[in-house]
Amino acid sequence: MRIAVVHGPNLNLLGTREPEVYGTATLADVDRALEELAREVGAEVEFFQSNCEGRILDYLAEIRERVDGVLINPAGLGHTSVALLDGLLATSRPFAEVHLSNPSSRESFRHRSFLSAAAVGVVAGFGVDSYLSGFRCLNNYLVRRSGAAQ
Ligand code: DQA
């Protein structure tokens with residue numbers, strides 16, 4: 001399976017950005033851990049981060065033919081963007097939503113996600129492990145689904 005990992009706005013600052021909330025791992029650390037996991041489970045992975053919503057939408061439009069699923073930390077855009085939901089739906093690929101922190105235990109404006117209802121699943125609150133669990137579960141889902149389709 002080929003999975004695209006998308007990191008939303010400000011996640012390029014991981015490691016120094018509010019470490020008490022998001023931890024001290026950098027984005028490179030997260031991607032390295034995912035690369036290792038992808039090798040372990042026999043998946044392929046590609047990464048994308050942008051602080052610009054439009055760039056993320058362009059990327060999603062570009063990958064629809066080449067990936068089987070999308071793992072996304074939408075960051076703040078998850079709470080605000082119908083366009084991001086539409087971009088994910090337009091890929092016609094299953095996606096999983098992850099968050100380092102648990103938005104439900106934070107300010108009320110973080111409680112709503114435009115993406116969650118359309119996601120295969122959501123993992124939040126476990127730091128880098130949210131990404132790793134989300135990746136593993138999405139890959140298992142895609143493998144099962146492709147077996148069922150044959
Ligand atoms: C986040 C949670 C969001 O509420 C926030 O806007 C982020 C990061 C997380 O990974 O915990 O930028 O998605």
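The values are calculated or read from the model by the stated rules, or taken from the named source; none is laboratory data. In this text the structure is predicted, and so the values were computed from the model without any measurement. All Cβ positions, even for glycine, are placed from backbone atoms using ideal geometry, and neighbour counts span all protein chains on display. Side chains are part of the model used for accessible areas, which takes the heavy atoms of the whole protein and leaves out ligands, DNA and RNA. Shrake-Rupley method; radii C 1.70, N 1.55, O 1.52, S 1.80 Å.
Using a 1.4 angstrom probe, figure out how much accessible area region 88-130 has per residue, in square angstrom, rounded to the nearest whole. Intermediate values should be presented prior to the final figure.
Details: 2120 Å² over 43 residues.
Accessible area per residue, region 88-130: 49 Å².
Once backbone amide H atoms are built at 1.01 Å from N, Gly69 has Arg2, Ala4 as its partners under 5 Å, excluding neighbours fewer than 5 places away on the same chain.
Once every DSSP H run of n ≥ 4 in the chain is given -39500 (n - 2.57) and the sum is divided by its residues, what mean residue ellipticity at 222 nm do you get, rounded to the nearest 500 deg cm²/dmol? Mind showing how you got there, number by number?
On the way: 5 runs with 61 residues, N = 150.
Per the formula, -12500 deg cm²/dmol.
Highest mean first, the peptides 8-18, 74-84 sorted by other C-beta atoms within 10 Å per residue fall in the order 74-84, 8-18. If you average the C-alpha positions of region 9-35 and of region 50-64 separately, how far apart do those two centres end up, in angstrom? Between the Cα centre of region 9-35 and that of region 50-64, the gap is 20 Å.
At most 15 other Cβ atoms within 10 Å and a DSSP loop assignment: could you name the trypsin sites (Lys or Arg not before Pro) in region 67-139 that fit?
Values: sites: Arg106, Arg110, Arg112, Arg136; in loops: Arg106, Arg112.
Of the trypsin sites (Lys or Arg not before Pro), the ones in loops of region 67-139 whose Cβ has at most 15 other Cβ atoms within 10 Å are Arg106, Arg112.
Label positions at Asn140 and Asn12, each projected 7 Å from the Cα along the C-beta direction, are separated by 3.5 nm.
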